[in-house]
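Asker: Here it is, the structure, as structure tokens.
The values are calculated or read from the model by the stated rules, or taken from the named source; none is laboratory data. Predicted model only: the values in this text are computed from it and were never measured. Note that each Cβ is placed from the backbone with ideal geometry, even for glycine, and that neighbours are counted across all protein chains shown. What goes into the accessible areas is simple: the full protein's heavy atoms, side chains included, and nothing from ligands, DNA or RNA. Shrake-Rupley method; radii C 1.70, N 1.55, O 1.52, S 1.80 Å.
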Amino acid sequence: MGSPALTATFYNSALFKIQSLKELEPVADKIVELNLEKMDVKDEDIPIIAKFTNLRKLNLNFTKVTGKTLAQLKPLEHLKLISLAGSPVEYTQVRVLQDFPKLKEVYIWSTPAATQDLEDLRKNNKNIAWYSGFKGDTV
């Protein structure tokens, strides 16, 4: 409780309930990293995550987040990294991330968004690295 910066990582998706995330609200301003990989997190849970005002890294890999509510994370003025790999996020939804003030890295491999041509995002957002997975010329 006395630490100035905390990391919260959830394990065991079978036991995860969004109430577990709500229980962190008393220390929400101290959490700088939040790992919800493979947890049952949905679009409607994004407003809860937006309460973690000092969040710098957010891992939503393999969640049910489609991206429809990603814009609600924009007030997180310190957010530098968001990972949405393996989620059903679409290209049109990840486009909102280009307006996030401090964002430096976006991971979207194994998503419908990764199959789109991301060159416009890369070209127009030199300050953000868009990672969409390996694209090789061989199998």
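Asker: Return yes when K123 is open to solvent by 80 Å² or more (accessible area, probe 1.4 Å) and free of Cβ contacts under 8 Å to residues at least 12 places away in the same chain and no when it is not.
Answerer: So K123 fits the description; yes.
Asker: If we keep just the residues of region 40-54 that are open to solvent by 50 Å² or more (accessible area, probe 1.4 Å) and assigned to a loop (DSSP other than H, G, I, E, B), which is farthest from I128 (Cα to Cα)?
Answerer: D40
Asker: Let me ask something else. Is there a residue in region 113-128 that is within 28 Å of N12 (Cβ to Cβ), small (G, A, S) and assigned to a loop (DSSP other than H, G, I, E, B)?
Answerer: no
Asker: Now, a different point. Quick one: count up the residues across region 67-99 that are of a type in the set (V, I, T) and modelled with pLDDT of 95 or more.
Answerer: Within region 67-99, the subset of a type in the set (V, I, T) is 69, 82, 89, 92, 94, 96.
Then keep just the ones that are modelled with pLDDT of 95 or more; that gives 69, 82.
The number of residues fulfilling the criteria is 2.
Asker: Out of region 15-39, which residues are within 18 Å of I82 (Cα to Cα), among the polar types (S, T, N, Q) and open to solvent by 70 Å² or more (accessible area, probe 1.4 Å)?
Answerer: none
Asker: For region 55-93, which residues satisfy the criterion of being open to solvent by 90 Å² or more (accessible area, probe 1.4 Å), in a loop (DSSP other than H, G, I, E, B) and basic (K, R)?
Answerer: Listed by number, the residues that qualify are K64, K68, K74, K80.
Asker: Being under 11 Å from the mean Cα position of the chain (by Cα) and of a type in the set (A, V, I, L, M, F, W, C) narrows it down to one residue among I82, I48; which is it?
Answerer: The unique qualifying residue is I82.
Asker: Search region 108-119 for residues that are closer than 13 Å to L84 by Cβ and pair each with any residue that is open to solvent by 80 Å² or more (accessible area, probe 1.4 Å) and of a type in the set (S, T, N, Q) when their beta-carbon atoms are under 9 Å apart and the residues are at least 6 apart or on different chains.
Answerer: A113/T92
Asker: Only residues that are closer than 15 Å to S132 by Cβ and part of a helix (DSSP H, G or I): list them for region 94-109, please.
Answerer: V94, R95, L97, Q98
Asker: Let me ask something else. Looking for something under 16 Å from Y131 (Cα atoms), in contact with a Lys or Arg (Cβ under 7 Å, 6 or more places away or on another chain) and touching a residue at least 24 places away in the same chain (Cβ under 8 Å) - is there at least one such residue anywhere in region 9-30? Outline the logic, then answer.
Answerer: Initial filter on region 9-30 (under 16 Å from Y131 (Cα atoms)): none.
Checked region 9-30: no residue is under 16 Å from Y131 (Cα atoms), in contact with a Lys or Arg (Cβ under 7 Å, 6 or more places away or on another chain) and touching a residue at least 24 places away in the same chain (Cβ under 8 Å).
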